[in-house]
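The values are calculated or read from the model by the stated rules, or taken from the named source; none is laboratory data. Just so it is clear, the model here is predicted, and its values are computed rather than measured. Cβ placement follows ideal geometry from the backbone for every residue including glycine, while neighbour counts extend to all protein chains displayed.
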Amino acid sequence: MNIQALINDKVSQALEAAGAPAGSPAAVRQSAKAQFGDYQANGVMGVAKKLGMNPREFAQKVIDCLQLDGIAEKVEIAGPGFINIFLDKAWLAARGEEALASDRLAVDTDEAQTIVVDYSAPNVAKEMHVGHLRSTIIGDAVVRTLEFLGHNVIRANHLGDWGTQFGMLIANMERKEKEGSDVSMNISDLEGFYRESKVLYDEDEEFGVTARNFVVRLQSGDEYCLEKWRQLVAITLKQNQRNYDRLSVSLTDDNVMGESMYNDMLAPVVADLKQKGLAVESDGATVVFLDEYKNKDGEPMGVIIQKRDGGYLYTTTDIACAKYRYEQLHADRVLYFIDSRQHQHLMMAWSIVRKAGYVPEEVSLEHHAFGMMLGKDGRPFKTRAGGTVRLADLLDEAEERANQLIEAKNPELSAEEKAKIATTVAMAAVKYSDLSKHRTTDYIFDWDNMLAFEGNTAPYMQYAYTRVASIFKRANVELKDLTAPIVINDEKEQALLSKLLQFEEAVQSVAREGQPHLMCTYLFELAGLFSSFYEACPILNAEEAVKQSRLKLALLTANTIKKGLDLLGIETLERM
Ligand SMILES: NC(=[NH2+])NCCC[C@H](N)C(=O)O
């Protein structure tokens, strides 16, 4: 149950009953401090002002109309006209029992929408690097959350598998074949191969002509070129899959909807935009001028959708792609996890999409932008030699460091167990350190920080889970043995339970805002409240009924942390 939504509804009804215009916002939020209760309604003052009434008097009228019998034990006016709501302990306890009895923690499902999530999107013939890491793991966490809420999620890996670069790659493949050298390669060679092809392209005129010729042939569906292209795509996908598997990211080849997929749509889209009068010829190219974007001379900025040589652009593909996601996939909502430098590109593409009527306004196109990954020195994250960091190397290093950590912490474990813990902690650390930061800011990649057992880190959260779970091991009980009800006697118990019951609100906020850090913050606060509870309220030594009630709170905490981490794509361990 979403308690915030419930209270918000109740306050909205009370507002109306007290004379507020229909639809006046109740603005119910979680209270920031226990002294302000569990929830606070902030909407009253705004409405009172509109009605020309004294806000505190109006707040009293709203409270008189507020029907929270059995739900709240106290409702107060605070400050200039806030309403503070203190939930009833027995009501909370009953909700706790419901959550405990449910394998989805009594979280309601939403009315199912079709939601396309565009994430990961690496490029063919290039190794995945750390820049793709953010998109991949943030997107994955949001996908998991949306599916948990019952949505029909379509994972769209917008692979960079089309474009003029394939001309030079195919030309180089052909060259190598003619030389009789081996062209079967793995991706690490492919990176080198890409660079080699680029040098040839830039420096060898004849090679350049051949390469450009291959581009035209590829785009017109020439089988020889397509075959070579397929080879390049296949090698890339195989290598990417290894990264996805290591990170437990739920992407497979089936989720690839690369740029090439939209190739056949490009000419008709350009023709249609011309016919609608949106696109015009300009210097031989086809351009859409957008009034809402001005260049430095104050003139509308132009977006090229077809070059003079007939080639299409990244933007043309994104226009077609949005159209496809609405028309063919029937998306109700499309989320793009792409770095913030592509913001203007997307806004311009979508502006054209809307003007052309390809996607109606009620279908939201959302750019969930994220910042760059920086090194400790605050500059873009690079290898010591200054190159881009390969994702695979980064994951290797994480494992190495986690190995050392576990070796020092748990030398007594078997080698196998240590390895399992180290891998799990390593992947979790890499993911969590990214997920826990506000997505839009640049983020500083810091090994020591992410592997620390203190603070809002993966090891801390995983350990918090293990610790709570171990209380159970020591008590040697299962849920079915706990026949006594949850009873709240201590304020630490109440604070913990109230937080536990806000899990659904955390899930909803991630689904709505595409910001997994909201879940991380929630779990971190929850773990903190558990620690305070555990310090103040002995469990195993308490008398039987109290012990059982507290064990139930502990179990619900363990279940909630596990589920929350699971929605972030992070594994828990029974022992670490
Ligand atoms: N629909 C999109 N444009 N998705 C994102 C693609 C990201 C692109 N392949 C890159 O590496 O920058």
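Residues being under 35 Å from the mean Cα position of the chain (by Cα) and touching a residue at least 60 places away in the same chain (Cβ under 8 Å) are entirely absent from the range 39-46.
Cβ-Cβ contacts under 8 Å between residues 6 or more apart (or on different chains), taken from a first residue in the range 151-178 that is at pLDDT below 90 to a second residue that is away from the ligand (no atom under 13 Å from the Cβ) and among the charged types (D, E, K, R), are listed as THR164/ARG212; LYS176/ASP182. With respect to (1) closer than 14 Å to ILE7 by Cβ; (2) without any contact (Cβ under 8 Å) to a residue 12 or more places away in the chain, the lone exception for GLU57 is condition (1). Of everything listed in (1) surrounded by fewer than 15 Cβ atoms within 10 Å (Cβ to Cβ); (2) over 21 Å from the mean Cα position of the chain (by Cα); (3) at pLDDT below 95, the single unmet condition for HIS438 is (2).
Across the range 145-168, the number of residues qualifying as under 23 Å from HIS129 (Cα atoms), within 16 Å of the ligand (Cβ to nearest atom) and of a type outside the set (Lys, Arg) comes to 11.
Residue-wise test of (1) surrounded by 13 or more Cβ atoms within 10 Å (Cβ to Cβ); (2) in contact with a helix residue (DSSP H, G or I) (Cβ under 8 Å, 6 or more places away or on another chain).
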residue: LYS382; (1), (2): yes, no
residue: THR388; (1), (2): yes, yes
residue: LEU395; (1), (2): yes, yes
residue: GLU399; (1), (2): yes, yes
residue: GLN404; (1), (2): no, no
residue: ASN410; (1), (2): yes, yes
residue: ALA422; (1), (2): yes, yes
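Yes/no per residue for (1) touching a Ser or Thr at 6+ places or on another chain (Cβ under 7 Å); (2) among the acidic types (Asp, Glu); (3) farther than 30 Å from ASN8 by Cβ:
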position	(1), (2), (3)
ILE486	yes, no, no
LYS492	yes, no, no
HIS517	yes, no, no
PHE530	yes, no, no
GLU535	no, yes, yes
LEU540	no, no, yes
LYS547	no, no, yes
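Assess whether ILE71 counts as being closer than 28 Å to ALA484 by Cα, more than 32 Å from the chain's Cα centre (by Cα) and away from the ligand (no atom under 16 Å from the Cβ).
Values: closer than 28 Å to ALA484 by Cα: yes; more than 32 Å from the chain's Cα centre (by Cα): yes; away from the ligand (no atom under 16 Å from the Cβ): yes.
Yes; evaluated as a whole, the condition is true for this residue.
For the range 149-181, a tally of residues being surrounded by fewer than 19 Cβ atoms within 10 Å (Cβ to Cβ) and assigned to a helix (DSSP H, G or I) returns 6.
To keep it simple, each residue is scored yes or no on (1) over 30 Å from SER184 (Cα atoms); (2) in contact (Cβ under 8 Å) with a residue 12 or more places away in the chain.
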| site | (1), (2) |
| --- | --- |
| GLN239 | no, yes |
| ASN255 | no, yes |
| TYR262 | no, yes |
| ALA271 | yes, no |
| GLY277 | yes, no |
| LEU290 | yes, yes |
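May I ask you to list the residues in the range 123-144 that are surrounded by fewer than 22 Cβ atoms within 10 Å (Cβ to Cβ) and away from the ligand (no atom under 13 Å from the Cβ)? Correct list: ARG144 only.
Taking the range 188-300 as the region of interest, the helices (runs of 4 or more DSSP H) fully inside it that hold 3 or more residues being within 16 Å of the ligand (Cβ to nearest atom) and either at pLDDT below 95 or in contact with a strand residue (DSSP E or B) (Cβ under 6 Å, 6 or more places away or on another chain) (or both) are 223-246.
Taking GLU416, is it more than 14 Å from the ligand (Cβ to nearest atom) and touching a helix residue (DSSP H, G or I) at 6+ places or on another chain (Cβ under 8 Å)?
Working: more than 14 Å from the ligand (Cβ to nearest atom): yes; touching a helix residue (DSSP H, G or I) at 6+ places or on another chain (Cβ under 8 Å): no.
Judged against the criteria, GLU416 is not a match.
Test GLU98 against the criterion of being over 30 Å from GLU196 (Cβ atoms), touching a residue at least 12 places away in the same chain (Cβ under 8 Å), surrounded by fewer than 17 Cβ atoms within 10 Å (Cβ to Cβ) and touching a Gly at 6+ places or on another chain (Cβ under 8 Å), and give yes or no. Walk me through it before giving the result.
Numbers: over 30 Å from GLU196 (Cβ atoms): yes; touching a residue at least 12 places away in the same chain (Cβ under 8 Å): yes; surrounded by fewer than 17 Cβ atoms within 10 Å (Cβ to Cβ): yes; touching a Gly at 6+ places or on another chain (Cβ under 8 Å): no.
Spelling it out, it is not the case that GLU98 is over 30 Å from GLU196 (Cβ atoms), touching a residue at least 12 places away in the same chain (Cβ under 8 Å), surrounded by fewer than 17 Cβ atoms within 10 Å (Cβ to Cβ) and touching a Gly at 6+ places or on another chain (Cβ under 8 Å).
Would you pick out the residues in the range 362-385 that are of a type in the set (Val, Ile, Thr) and modelled with pLDDT under 90? Hit for the range 362-385 is THR383, nothing else. With respect to PRO485, is the statement that it is surrounded by fewer than 16 Cβ atoms within 10 Å (Cβ to Cβ) and modelled with pLDDT under 95 true? Judged against the criteria, PRO485 is not a match.
From the set of residues in the range 312-370 that are aliphatic (A, V, I, L, M), assigned to a loop (DSSP other than H, G, I, E, B) and farther than 25 Å from VAL215 by Cβ, which is farthest from the ligand (Cβ to nearest atom)?
ALA356
If you scan the range 1-60, which residues turn out to be hydroxyl-bearing (Ser, Thr, Tyr) and more than 23 Å from GLY96 (Cα to Cα)? Lay out the reasoning, then the answer.
Filtering the range 1-60 down to residues hydroxyl-bearing (Ser, Thr, Tyr) leaves 12, 24, 31, 39.
Scanning the range 1-60 gives SER12, SER24.
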